1. Can you give the calculated 222 nm mean residue ellipticity of the chain, where each DSSP H run of n ≥ 4 adds -39,500 (n - 2.57) and the sum is split over every residue, rounded to the nearest 500 deg cm²/dmol?
2. Report the equivalent ellipsoid semi-axes for the chain in whole Å, largest first, defined as the square roots of five times the eigenvalues of the gyration tensor built from alpha carbon atoms.
3. Provide Rg over Rh for the stretch 229-282; use the alpha carbon set for both Rg and the Kirkwood Rh (inverse mean inverse pair distance).
4. Once you have the alpha carbon radius of gyration of the stretch 129-269, what is it after dividing by 2.2 N^0.38 Å, with N set to its residue count?
5. Given q = 0.17, 0.18 Å⁻¹, what are the Debye log10 I(q)/I(0) values for the stretch 268-312, with equal point scatterers placed on the Cα positions and solvent ignored?
6. Calculate, for the chain, the solvent-accessible area per residue in square angstrom, rolling a 1.4 angstrom probe over the heavy atoms of the protein chains.
7. Would you please put 239-246, 15-22 in order of how densely packed they are, using the mean number of other Cβ atoms within 10 angstrom per residue and starting with the highest?
8. Please list, by residue number, every one of the GluC sites (Glu not before Pro) in the stretch 21-90 that is coil in DSSP and has at most 13 other beta-carbon atoms within 10 Å.
Amino acid sequence: MSFRALLTEKAADGTITSSVQTLDEGRLPEGNVTVAVDWAGLNYKDGLILTGAGNMIKAYPHVAGIDFSGTVSASEDWRFHEGDKVLLTGWRVGESHWGGYAETARVNGDWLVPLPKTLSARDAMVLGTAGLTAMLAVDRLEAAGVSKSAGPILVTGAAGGVGTIAISLLAKLGYEVAALSGRPQHAEALKALGATTIVDRAAFLAEPDKPLEAARWAGAVDNVGGALLGKLLKQVHYDGVVASIGMAGGTDLPTNVLPFILRGVTLVGIDSVMRPTAPRVAAWQRLGELFDAEAYSGLVEEIGLEGLPEAAKRILAGEVRGRVLVEVR
Ligand SMILES: NC(=O)c1ccc[n+]([C@@H]2O[C@H](COP(=O)([O-])OP(=O)(O)OC[C@H]3O[C@@H](n4cnc5c(N)ncnc54)[C@H](OP(=O)(O)O)[C@@H]3O)[C@@H](O)[C@H]2O)c1
């Protein structure tokens, strides 16, 4: 049997290229479950992998795609049977193991999540790693006791995948949401998702920096890191909680300890990749209850495997709005 895949290769001069090729099933990696992939997603990390920008892939040729959904076609794992609908995000699939940009994937059954009954395979990849990560962040804010009456939650990188889904989940749960974005042209779309305030990224960063600033946010979901995270920490209310997810704006954290020791602010880290199975399955169930696929539909751009190399450049340039969904077959 053969299957189509986006194969990413490294030339002798180090150039990374990707093209759609037909491969024999004998080339699939080891694994005890084979999945006929229907949908995949494009995440910031996929952009790094497809362009080679992150230097993350040790062995080429490679099949990228950190997320996919589809149907089990063969299984040696007692938990999964032919015909089961499944999804996969993380576990370094698409990084150290071939991923979802192929009609067939072979993986370890430990990495699979049964598709929640309330989500279609397509919805699951509209959400993908971005949706799971946004849900994990919202769970953490709730668990830390951030109340809905404490003030707005600031979502940064608001027009991207994690940002847009975090806004819709927080708004659905009744939180007041402020969206910080570098792209004012998407303000109306962010308001339609439930953001009540739009904060301009450049204006926010241009405000004079102080060791501690006026408290504005009950909490935050941060996709950007760097100077932006450093500054927003100084604006968080007493006992507020900030979930650090991403590094679209940098990996450093220029700030000081005053928000922590004078306001009791908590900075929590969110990792979706190695999240253990039980909380992962619980987060997907909750996404299935909370996610409004219809309200989100205008933020989904659908492409095929051939469109991925170009879309990868756009996501790294911060030019993607919402989610890019890949129709694999
Ligand atoms: N911890 C985890 O498990 C986990 C999981 C998923 C993703 N992530 C990380 O979270 C981040 C967001 O992922 P994503 O898939 O949502 O990516 P995305 O769709 O590309 O969204 C990132 C957003 O960040 C903003 N941004 C981009 N470049 C920026 C810059 N130089 N300075 C400031 N803001 C910038 C843009 O929003 P605006 O145009 O609205 O400002 C952009 O839409 C990435 O860093 C990703 O690696 C982490």
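The values are calculated or read from the model by the stated rules, or taken from the named source; none is laboratory data. Values in this document were obtained by computation on a predicted structure and should not be read as measured data. No Cβ is skipped: glycine too gets one built from the backbone with ideal geometry, and neighbour counts run over all protein chains shown. Note: accessible area is taken over every heavy atom of the protein model, side chains too, but ligands, DNA and RNA are not part of it. Shrake-Rupley method; radii C 1.70, N 1.55, O 1.52, S 1.80 Å.
1. Working: 10 runs with 97 residues, N = 329.
Calculated at 222 nm, the ellipticity per residue is -8500 deg cm²/dmol.
2. On the way: eigenvalues 247, 90, 59 Å².
Taking √(5λ) for each eigenvalue gives 35, 21, 17 Å, largest first.
3. Details: Rg = 13.4 Å, Rh = 12.6 Å.
When Rh is taken as the Kirkwood radius, the ratio is 1.06.
4. Numbers: Rg = 13.4 Å, N = 141, 2.2 N^0.38 = 14.4 Å.
Output field value: 0.93.
5. Scattering profile of the stretch 268-312, log10 relative to I(0): -0.82, -0.87.
6. On the way: 13470 Å² over 329 residues.
Per-residue accessible area for the chain comes out at 41 Å².
7. On the way: 239-246: 24.0, 15-22: 14.5.
Result, highest mean first: 239-246, 15-22.
8. Numbers: sites: E25, E30, E76, E82; in loops: E30, E76, E82.
Listed in order of number, the matching sites are E30, E76, E82.
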